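Trainee: Structure provided below as structure tokens; questions to follow.
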Amino acid sequence: MFNQAGKLRPMTGGQANMPLTLIIGGAGRTKGMAGQHTDAGQEALFTQLPGVKVVVPSNAYDAKGLLIAAIRDPDPVVYFDYGEVKSGAQPDVPDDAYEVPLGKAAIRQPGRDLTLVAWAPATVDVTKALPGLAKAGISVEFIDPRSLKPLDVETLVASATKTRRVLVVEHGHYTGGYGSHVIAEIVQAVPGVKARRITFPDVPCPGAAGMVEWLRPDAPKIIDASMQMMRL
């Protein structure tokens, strides 16, 4: 993937291509698995590869639609399958084949005060935080990019232009996390927008449940960060 997949077409002057889909089982920030088996956020590594697309579904409907779209796409696609997002309520999935287009974000909840951006598995924590945010009187527009490369910058910018505040939540590590790119795209297009991100710290994930929850960007941390954003 790093040396051949996205480079084969330009290296051969268009004579060869590698239209493959690489499915990666993404690890979750869960108790008991310890550092070797809890690395979330590796999608950021693959977004740096020219010629390679990256998708990260957050529910069963998107998982099937994005997978079919990835298989049919002429470019190589890295498809992250985060098992953690399979818990909880899921939308109905048709038996027939369908596509969820690459490069099109989903507005999971419309709002006017704060743009909250997260992709699997951080969508699990954001979903838990939404009732608390509503109770606090914060109207949140929750956007799930679904596709990180190509990224639906247009939808993100339109939301940020409306709310003037953006909070990005991700389970990847702070340094080099994809959330930095999301914020960069927004602040370059929306002068004066207030932007912040919360992530997993730059440490290996511990095995103890209490320590994992202490480090994880969970619902209470999302609510606290959102309330701080509203004071800016």
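Trainee: Inverting the mean 1/r over all pairs of different Cα atoms, compute the Kirkwood radius of the chain and quote it in Å. Don't skip to the answer; put the middle values down first.
Mentor: Values: mean 1/r = 0.0549 Å⁻¹.
Every distinct Cα pair counted, the radius reaches 18.2 Å.
Trainee: With all protein chains present and a 1.4 Å probe, how do R196, R231 order by accessible area, largest first? All intermediate terms of the calculation are to be shown ahead of the outcome.
Mentor: Details: R196 85, R231 170 Å².
The ordering from most to least exposed comes out as R231, R196.
Trainee: If you average the C-alpha positions of the range 1-54 and of the range 154-222 separately, how far apart do those two centres end up, in angstrom?
Mentor: 21 Å
Trainee: Please give the net charge around V190, taking every other residue with its beta carbon less than 11 angstrom from that of V190, where Lys and Arg add +1 and Asp and Glu add -1.
Mentor: +3
Trainee: Something else about it: With a 1.4 Å probe and every protein chain kept in, tell me what percent of the accessible surface of the chain is carbon plus sulfur. Please list the in-between numbers first.
Mentor: Numbers: 6130 of 10760 Å².
Carbon and sulfur: 57 percent of the exposed surface of the chain.
Trainee: Take the residue pairs K104/K149; K135/K221; K31/K135; K64/K149; K128/K149; K104/K128 and return only those whose Cα atoms are more than 20 Å apart.
Mentor: The pairs that break the limit, which is 20 Å between Cα atoms, are K31/K135; K128/K149; K104/K128.
Trainee: So how do 139-152, 100-113, 214-227, 44-57 stack up, highest first, on mean other-Cβ count within 10 Å?
Mentor: 139-152, 44-57, 214-227, 100-113
Trainee: Dividing the alpha-carbon Rg of the range 135-185 by 2.2 N^0.38 Å yields what?
Mentor: With N residues counted in the range 135-185, Rg over 2.2 N^0.38 Å equals 1.20.
Trainee: Mind ordering 75-84, 163-172 by average Cβ neighbours within 10 Å, highest first?
Mentor: 163-172, 75-84
Trainee: Under a 5 Å amide H to amide H cut-off, with H placed in plane at 1.01 Å, what residues pair with L22 once short-range neighbours are removed?
Mentor: Counting only residues 5 or more places away or on other chains, the set is V77, V78, Y79.
Trainee: Suppose we look only past 24 Å in the calculated P(r) of the range 138-232. What percent of the Cα-Cα pairs does that tail hold?
Mentor: 23 percent
Trainee: Ok, one more. What does the accessible area per residue of the chain come to in Å², with a 1.4 Å probe and no ligands, DNA or RNA counted? Write out the running numbers ahead of the final one.
Mentor: Working: 10760 Å² over 232 residues.
Each residue of the chain exposes 46 Å² on average to a 1.4 Å probe.
Trainee: Given the rule -39500 (n - 2.57) for each run of at least 4 DSSP H residues, summed and divided by the residues of the chain, what is its mean residue ellipticity at 222 nm, to the nearest 500 deg cm²/dmol?
Mentor: Numbers: 8 runs with 77 residues, N = 232.
That calculation yields -9500 deg cm²/dmol at 222 nm.
The values are calculated or read from the model by the stated rules, or taken from the named source; none is laboratory data. These numbers come from a predicted model, not from an experiment. We place every Cβ from the backbone using ideal geometry, glycine too, and count neighbours over all the protein chains shown. Note: areas computed on protein heavy atoms with side chains; ligands, DNA, RNA excluded. Shrake-Rupley method; radii C 1.70, N 1.55, O 1.52, S 1.80 Å.
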